[in-house]
Every structure is written in C-alpha cells, then in structure tokens.
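**Q** Below is a structure I'd like to ask you about.
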Amino acid sequence: MVSNPVHGLPFLPGTSFKDSTKTAFHRSQTLGYRNGYAVVRRPTVGIGGERLQVNQLSQAELDELANKAPVLTYGQPKQAPPAEFIPAHVAFDKKVFLESQGIELNPPEKMALDPYTELRKQPLRKYVTPSDFDQLKQFLTFDKQVLRFYAIWDDTDSMFGECRTYIIHYYLMDDTVEIREVHERNDGRDPFPLLMNRQRMPKILVENAKNFPQCVLEISDQEVLEWYTAKDFIVGKSLTILGRTFFIYDCDPFTRQYYKEKFGLSDLPRIDVSKKEPPPVKPELPPYNGYGLIEDSAQNCFVLIPKAPKKDVIKMLVNDNKVLRYLAALESPIPEDKDRRFVFSYFLASDMISIFEPPVRNSGIIGGKYLGRTKVVKPSSTADNPVYYGPTDFFIGAVIEVFGHRFVILDTDDYVLKYMESNAAQYSPEALLSIQNRVQRQEAPAPGLENKQTKEDPGVQELEALIDTIQKQLKDHPCKDNIREAFQTYDKEASGYVDKEMFFKVCDSLNLPIDDSLIKELIRLCPHREDKINYHHLVRAFSS
C-alpha cells in the first residue's frame with residue numbers, strides 16, 4: 001500500500017492532498033544523447049522537482065551496500081546497467097489492500113452522494129431503430145406514376161352553394177396531392193387551374209398542433225401523426241382536405257390497375273353523381289295594375305331587358321284599316337251619365353279598342369278621347385291567362401265592361417252589318433238576332449207612309465238621284481266616316497230619327513262641302529215621323 005510521505009495517509013480517493021504553494025509542474029528529461037546515440041537517463045527528481053519515491057532506498061539496502069566489498073578480477077569492474085525505470089502508476093497498479101503493511105481497515109462503506117454530481121447526470125439516451133424505407137428507391141420506382149381521381153364538392157346545403165367537379169392527382173413518387181379545378185365554358189368563374197398546389201396532406205394532427213398556424217407556417221413531421229396515402233383515396237368514399245369534403249366518384253384506367261395489383265381492389269365502378277334538374281319554377285305574375293297591355297307588362301317579369309310581344313303580322317296586313325264602330329251608353333246610377341253617349345272603335349288588325357265621347361254643348365262634360373287604343377280584358381279572366389274582348393262580343397244589347405265601367409251597345413254602323421254577314425259563323429244566335437231586329441227597325445217605314453211611298457215612285461227615284469249627286473260632291477272627303485257616329489250620338493233612343501234642328505246642327509258641325517239647297521231638298525225627300533227626319537238616307541249618301 002502506497003502512503004503519502006508528507007501526511008502519512010494512503011493514496012486513496014479523497015485522502016490525497018495537494019500543495020497549494022506549488023507552482024512548478026514540469027517533468028525532468030529521461031532521454032539524452034551521447035556521441036550521437038540516444039541514451040536513456042534516469043530521472044533524479046519527480047514532477048516539479050519533487051523527490052522520487054521509487055529511488056529511495058530502505059535502511060536494509062543501505063546497510064547491504066555499505067558492507068559490500070567489490071571483487072576485482074580482470075581490470076576495472078564493469079558498471080552494472082541501471083535498473084529499468086518503472087513509473088509509480090505502473091509499479092503500484094492494482095495494489096490496494098493494506099493488510100500486507102499491517103494496517104487493518106474498516107469494512108467498505110457506500111460513498112456519500114454528491115447532489116451536484118447527481119444533478120449533472122445525463123438522462124438515458126433513447127435509441128430509435130432506423131427505418132428500412134428507401135426514399136430514393138421510391139422515387140426511382142414510381143417516377144412519373146400519378147393516380148388520377150375524379151371528385152365532386154357538394155356545397156348546395158349552404159346559401160348560394162353549388163356542386164363543383166375536381167380532379168385529384170396523387171403522386172406515388174413522393175406521396176404528394178394536387179387538386180385541379182374543372183372549368184366549363186361560360187361558367188362565370190376565373191380560369192384558375194389549381195385549387196391546391198402539390199404538397200403532402202396531413203390526415204391526423206397531433207393534439208397540441210390543432211391550433212398550429214398552417215396558413216403561414218409549414219407543417220412538419222412533429223405536428224402530424226399520419227399523412228394521407230394512396231390507400232385513403234378509394235372510389236365511392238369521401239375524404240376531407242382543407243376543410244372541404246370531396247366525394248370520389250371515378251378514376252382513370254391506370255389507377256384501377258394500380259389498386260388491383262397493390263390492394264387487390266378489382267371492382268371500382270364509376271358512380272353516377274349527376275342530379276336531376278328540379279322542375280322550373282313558374283314565375284308568378286303580379287296583379288295587373290291597369291296600365292298598358294298584360295303581355296307587355298309581363299315581359300318585365302321574364303327577362304332583364306324586356307322585348308315587345310310578338311305580333312301577328314299576317315293578321316295586321318289582312319285587317320289593316322278595318323274598324324268596327326258601335327254606339328254605346330254608360331250604365332251608371334248617376335243621373336248626369338244617363339244621357340252620355342260613346343263611340344266604340346274596334347280595330348281588327350290589333351284587337352284594340354278606343355272609346356270616343358262626342359262633346360255635347362252645355363252638358364257640363366268635356367268630351368273627346370275617353371280611352372286610347374288598348375286591349376280590354378274581360379272581367380272573368382286572370383292575369384296568367386287573360387281573355388280579351390273580340391269582335392263577336394260586340395252586338396246590340398251586349399254589355400261591355402271596361403276597367404270597371406259598364407257600357408251597353410245601342411247601335412252599329414253599316415260596316416259592322418256587312419262584317420257580321422260575311423262572318424256569321426263566328427257570332428252567337430243572340431248577336432245575329434239583335435242585328436236582324438236593328439235592320440228591320442231601320443228599314444220599316446213610318447205608319448201611313450208605306451202606301452204613300454208605293455204610290456209615289458217618282459219621289460223615290462228623285463231621292464236616289466239626289467243621293468248620287470251628293471256622293472259625287474263628297475268623294476274622298478275626310479269627314480264622311482264620322483257622319484253616322486255624329487247622328488247616333490244625338491239619337492238617344494236609336495230610332496233612326498232626329499228633329500230638324502238637330503239635323504241641321506250636325507250638318508253644320510261637319511262642315512260638309514254641299515250646297516244648302518241640296519241638304520234642304522234631301523230633308524224634304526227623307527221619311528218623316530212626328531216632326532223628325534230619318535237620317536239614314538243622309539248617312540247612306542255621305543258614307544257610300
């Protein structure tokens with residue numbers, strides 16, 4: 001057992017002492033040269049000039065050396081070679097029990113724990129078995145091999161949502177996903193080619209990474225538990241990517257062959273995702289407000305830029321300038337309205353009606369245009385299916401309701417009679433009977449005059465000659481079509497007779513270019529009844 005010569009303690013861990021005043025720590029040389037040869041030299045001192053413990057001789061060795069006498073045989077004795085130098089750490093290696101030196105020690109005890117040493121202890125390292133997956137092999141094997149899927153994103157449940165189609169590309173070389181938009185012509189969308197750029201898509205995130213700012217930072221493997229792989233893309237299943245649920249309904253032939261060889265899925269039929277168009281909603285027309293035509297107003301409900309309704313051009317050409325005129329009275333509980341008369345004009349070319357009220361002096365009512373040209377709807381029709389008044393609805397005794405006002409037809413002109421005669425199949429028996437009664441009443445002579453006219457045949461011939469003369473003077477006169485309406489206005493009873501004063505008044509208002517002598521002669525030859533003149537001969541002379 002080696003002991004400390006200064007303190008007398010063994011060199012055990014924790015029992016050695018250092019001299020704090022020591023400043024030199026160099027070692028002495030053990031190699032030298034003599035005559036050009038390297039010679040080993042024993043050190044005389046230790047590190048820093050200390051005494052070497054290995055060179056100290058014991059008392060017994062000193063005594064032996066003092067009593068030893070050299071023996072000389074042949075010449076000078078050769079000096080013995082120096083003993084081999086053995087360092088102290090080699091000489092005392094593995095020499096720890098003190099019993100050989102007569103020192104008894106206590107049984108071994110546990111070393112006291114040092115808190116600082118325990119604190120600095122490193123945790124056990126965790127070893128991860130390296131994966132045998134070779135990314136380079138995957139890249140070289142599946143380069144340019146892409147799985148193509150056809151999917152839809154159905155967002156019709158939300159407001160203004162729609163069902164849109166997409167193409168999903170899965171790149172086998174690096175397990176990345178790309179979503180492309182499918183654009184149709186005139187779909188109203190900007191032609192952006194990609195909905196999602198090519199990238200790896202996380203399937204399951206770490207619990208703490210749900211609030212990870214994915215929009216500004218890239219997701220690493222530490223935030224993802226599982227990534228999307230090829231087995232997650234199956235025809236007929238849905239998957240959620242970037243918050244959108246895509247339904248895969250078809251794939252290309254290469255993808256079908258890959259799934260058959262890789263996963264054993266041989267049946268991947270196309271799924272029909274087309275939806276039947278709902279029946280078009282019939283637009284409801286607002287209630288008719290009375291302005292304009294219903295067909296014209298309804299165009300504002302059908303298209304953004306309304307167009308005029310189509311017209312029957314053939315009907316307009318055939319019936320051009322053909323007008324049916326009727327005399328009517330207003331049904332009203334107001335006494336002032338009982339004597340009012342109105343002239344209805346029905347235009348066959350457009351089925352429109354205009355109403356004119358002849359002015360009556362000192363009546364307190366301003367005459368003139370009562371209703372402009374327009375189609376009049378029957379009160380029993382609706383806005384969706386309007387039914388307008390036609391020429392068959394006008395006959396003597398018929399009631400016409402125009403925008404809440406009721407009119408009774410009292411008389412017609414001769415053109416109406418001719419029109420009804422040529423189109424008798426279109427009219428009802430009631431209408432034909434009313435016209436027949438009107439003709440009979442018009443042609444019936446006054447009482448006591450029938451025999452007189454038979455006897456006075458020269459007077460009838462004179463009347464016909466006078467009518468021919470008047471017709472020649474009134475040829476192409478613009479006012480000849482208004483003569484019948486003017487007389488019918490003052491003939492409130494529709495008897496065909498007016499008094500002399502009214503007869504001259506109507507002739508003066510029309511400014512007829514006829515000599516007064518001819519008018520007086522016509523009045524003399526016309527039939528009379530109770531001091532009233534039959535104006536039909538005058539009308540026939542002016543309108544033929």
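The values are calculated or read from the model by the stated rules, or taken from the named source; none is laboratory data. Quick caveat, the model's predicted, so the values are computed rather than measured. Ideal geometry is used to build each Cβ from the backbone, glycine not excepted, and the neighbour counts take in all protein chains shown. The protein model used for the area step is the full one, side chains on, heavy atoms only, and it has no ligands, DNA or RNA in it. Shrake-Rupley method; radii C 1.70, N 1.55, O 1.52, S 1.80 Å.
**Q** Out of all the residues in the range 221-244, which are of a type in the set (Asp, Glu) and not in a strand (DSSP E or B)?
**A** Within the range 221-244, ASP221, GLU223, ASP232 qualify.
**Q** Could you tell me which residue of the range 43-63 is modelled with the highest pLDDT, considering only residues that are within 14 Å of PRO82 (Cβ to Cβ) and out of contact with any Leu (no Cβ under 9 Å at 6 or more places or on another chain)?
**A** Taking the candidates together, the pick is LEU52.
**Q** Could you please find all residues in the range 415-440 being within 22 Å of ILE483 (Cβ to Cβ), open to solvent by less than 50 Å² (accessible area, probe 1.4 Å) and in the same structural domain as ASP337 (by the TED database)?
**A** Once the filter is applied, which keeps residues that are within 22 Å of ILE483 (Cβ to Cβ), open to solvent by less than 50 Å² (accessible area, probe 1.4 Å) and in the same structural domain as ASP337 (by the TED database), the range 415-440 yields VAL416, LEU417, TYR419, MET420.
**Q** Sticking with this one: Quick check, is ARG244 exposed (fewer than 14 other Cβ atoms within 10 Å of the Cβ) and more than 30 Å from VAL387 (Cα to Cα)?
**A** When the stated conditions are applied, ARG244 does not pass them.
**Q** Could I ask something else about it? Do you know which residues across the range 341-391 are basic (Lys, Arg) and over 16 Å from VAL408 (Cα atoms)?
**A** Within the range 341-391, ARG361, LYS369, ARG373, LYS375 qualify.
**Q** Give the range 166-190 a look and list any residue that's surrounded by fewer than 15 Cβ atoms within 10 Å (Cβ to Cβ), among the charged types (D, E, K, R) and out of contact with any His (no Cβ under 7 Å at 6 or more places or on another chain), or say none.
**A** Correct list: ASP174, GLU184, ARG185, ASP187, ASP190.
**Q** Answer yes or no: is there a residue in the range 306-313 that is within 50 Å of the chain's Cα centre (by Cα) and among the hydrophobic types (A, V, I, L, M, F, W, C).
**A** Looking for residues that are within 50 Å of the chain's Cα centre (by Cα) and among the hydrophobic types (A, V, I, L, M, F, W, C), one finds at least one in the range 306-313, hence yes.
**Q** Tell me which strands (runs of 3 or more DSSP E) are completely within the range 326-424 and hold 2 or more residues being hydroxyl-bearing (Ser, Thr, Tyr) and more than 51 Å from the chain's Cα centre (by Cα), or say none if there are none.
**A** So the answer is none; nothing clears 2.
For (1) at positive phi; (2) of a type in the set (A, V, I, L, M, F, W, C); (3) modelled with pLDDT of 75 or more, each residue gets a yes or a no:
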| position | (1), (2), (3) |
| --- | --- |
| LYS22 | no, no, yes |
| ARG41 | no, no, yes |
| ALA91 | no, yes, yes |
| LYS94 | yes, no, yes |
| THR129 | no, no, no |
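**Q** Among the residues of the range 262-294, what is the count of those that are farther than 30 Å from CYS163 by Cβ and modelled with pLDDT under 80?
**A** Number satisfying all stated conditions: 10.
**Q** Also, I was wondering about something else. Collect the residues in the range 257-286 that are among the charged types (D, E, K, R) and in a loop (DSSP other than H, G, I, E, B), keeping them in residue-number order.
**A** ASP267, ARG270, ASP272, LYS275, LYS276, GLU277, LYS282, GLU284
**Q** Is the range 248-259 home to any residue that is over 25 Å from GLU181 (Cβ atoms), surrounded by 14 or more Cβ atoms within 10 Å (Cβ to Cβ) and among the aliphatic types (A, V, I, L, M)?
**A** No, the conditions are met nowhere in the range 248-259.
**Q** Further question: As an exercise: evaluate ASP457 against (1) modelled with pLDDT under 60; (2) closer than 15 Å to TYR326 by Cβ and give the number of the one condition it does not meet.
**A** It is condition (2) that ASP457 fails.
**Q** Also: Determine the pairs where a residue that is outside any loop (DSSP other than H, G, I, E, B), located within the range 87-113, has a partner that is surrounded by 10 or more Cβ atoms within 10 Å (Cβ to Cβ) with Cβ atoms under 8 Å apart, the partner being 6 or more residues away or on another chain.
**A** Close Cβ pairs (under 8 Å, with a partner that is surrounded by 10 or more Cβ atoms within 10 Å (Cβ to Cβ)) amount to ALA88/VAL2; ALA88/GLN53; ALA88/VAL54; ALA91/VAL54; SER100/MET1; GLN101/MET1.
Okay, residues lined up against (1) closer than 16 Å to ASP411 by Cα; (2) modelled with pLDDT of 70 or more; (3) not assigned by the TED database to the domain that holds GLY397:
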position	(1), (2), (3)
ALA486	yes, yes, yes
THR489	yes, yes, yes
ALA494	yes, no, yes
GLU501	no, yes, yes
CYS507	no, yes, yes
SER517	no, no, yes
PRO527	no, no, yes
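**Q** When you scan the range 99-114, do you find a residue that is exposed (fewer than 10 other Cβ atoms within 10 Å of the Cβ) and modelled with pLDDT under 75, even just one?
**A** Yes: one or more hits.
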